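Working notes, beginning with the structure itself.
None of the figures in this text is laboratory data; all of them are computed from the coordinates on show. Predicted, not measured: the structure shown is a model, and the values here were computed from it. Every residue, glycine among them, receives a Cβ derived from its backbone with ideal geometry; neighbour counts consider all protein chains shown.
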Amino acid sequence: MLLFVSAGEPSGDLRAAELCRELSARSPGIGFFGLGGDDMEASGVDLSAHLEEFSVMGFSSVLKSLGRILSLEKRLRRECLERRPDAVLLVDYPGFNLRMARWASRRGFPVVYHISPQFWAWGGWRARGMARHVDLVTTLFEFEAGFHAALEVDAVWCGHPLVESIPRPSPGGGDIALLPGSRPDEVERLMEPMLGCVELLRRAGDRREAVVAVSRTVPGALYSKASALGCRLVEGTSAALSSARAALVCSGTATLEASLHGVPFVLMYRTSPLNYGIARLLVRGVDRICLASIASGRTVAPELIQGDATAEKAFDAVLPLLGDTRERRDALEAAGAVRDALGPPGAAGRAAEAILRKLQEMNVV
């Protein structure tokens, strides 16, 4: 059996790699090709294109890269027609992958979507459109499966793989962790206010070490100011969180990681005015952006968004989390609720079983 796999960003690359390994363990001889990164390649995927050619964030970035994106789409579609995979496996990244789903289903390829796009925020009309082109959706969060089921989409809740990779809270320490993200434009916008907060802490007499989570997908030059300030640079979020007392964290999966490590944090989010204006028009049905808060159904962290994502406001918000305070105790309790909401270990294995079961029902396996 041969599967085309598409993941357009680092987090999707990691999740796709986990899933491909689980599929290989259950279906010996299965092959994979498609769009991904180093993790997918290490798991045995024959990369048709590397995600570094493609990874962009935000509406304006997509517009600037539109010609390159369309060219890549044509190349991957052409390869699908030549190699004729038994099914198409799409992982997160809805902008590209939803177009791929529509194209693939119209040409008779079974389509599985692993890690549901966040349609509960962007509007049910997109989920109804997806239902016409996707044969199975696997979700990270339980409420997502219910959302899709209400729209007559075949969906299975598998849980979140982070529970397995972060099985218990870290021992902690006295550092402050800075998690500015995994995309260059994200890091560029958040690094300055995060470092400004560190400077304010030092002026207030707090000499704790600042540890910056470095992403291999981000140019090293974007971390130069952190180095100049004497921050310790480490690769990956877990390395930064393992010795942290508290953290400043970008939006997205990093908020789940901080919660699972048991590190109280402040969420910071900045994008271009154009991206933010479009998002405000499109986002419906959510009153917060912290994924950990959405998953657990309770407020897990303060949110500093756009103009509020300043060094001064970050200082005010993180300072209570560094001491033995009620705010810190509440944050640690909320972190436990996040772990409970993400399900038991073994998410990738459950997803692989659900996918193989569906393909068998469709006489693909």
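Below 8 Å between Cα atoms, with a sequence gap of 6+, how large is the relative contact order for segment 167-341 in percent?
On the way: 327 pairs, mean separation 46.4, N = 175.
Result for segment 167-341 is 27 percent.
Could you check how many percent of all C-alpha pairs in the chain are farther apart than 24 Å?
That fraction is 57 percent.
Run the dipole for the chain about the Cα centre, Lys and Arg Cβ at +1, Asp and Glu Cβ at -1, nothing else charged, and hand back the magnitude in debye, nearest 20.
740 debye
Tell me, what is the Rg over Rh of segment 167-341, with Rh the Kirkwood radius over Cα pairs? Intermediate values should be presented prior to the final figure.
Values: Rg = 15.0 Å, Rh = 16.0 Å.
Rg/Rh: 0.94.
Can you tell me which of PRO161, PRO273, PRO117 moves the most in a GNM of the chain? Springs connect C-alpha atoms under 10 Å apart.
Evaluated over the chain, the most mobile residue of the options is PRO273.
With a ≥ b ≥ c taken as the square roots of the eigenvalues of the C-alpha gyration tensor of segment 154-193, please select rounded if a/c is under 1.5 and otherwise prolate if a/b is larger than b/c or oblate if it is not?
oblate
So what is the calculated 222 nm ellipticity per residue for the chain, using -39500 (n - 2.57) for each DSSP H run with n of 4 or more, over all residues, to the nearest 500 deg cm²/dmol?
Here the helix-only value at 222 nm equals -14500 deg cm²/dmol.
Which residue, SER293, SER71, SER116, tops the fluctuation ranking in a GNM of the chain built on C-alpha contacts under 10 Å?
Judging by the Gaussian network model, the answer is SER71.
Please identify, among LEU195, LEU248, LEU222, the residue showing maximal mean-square fluctuation in a Gaussian network model of the chain using a 10 angstrom Cα cutoff.
LEU222
Evaluate the relative contact order of the chain (contact order divided by residue number), counting alpha-carbon pairs under 8 angstrom at least 6 apart; express in whole percent.
It comes to 17 percent, rounded to a whole number.
For q values of 0.19 Å⁻¹, compute log₁₀ I(q)/I(0) with the Debye formula on a Cα-only model of segment 65-180, without solvent.
-1.01
Which whole number of Å³ per residue matches the convex hull of the alpha-carbon atoms in segment 133-177?
112 Å³
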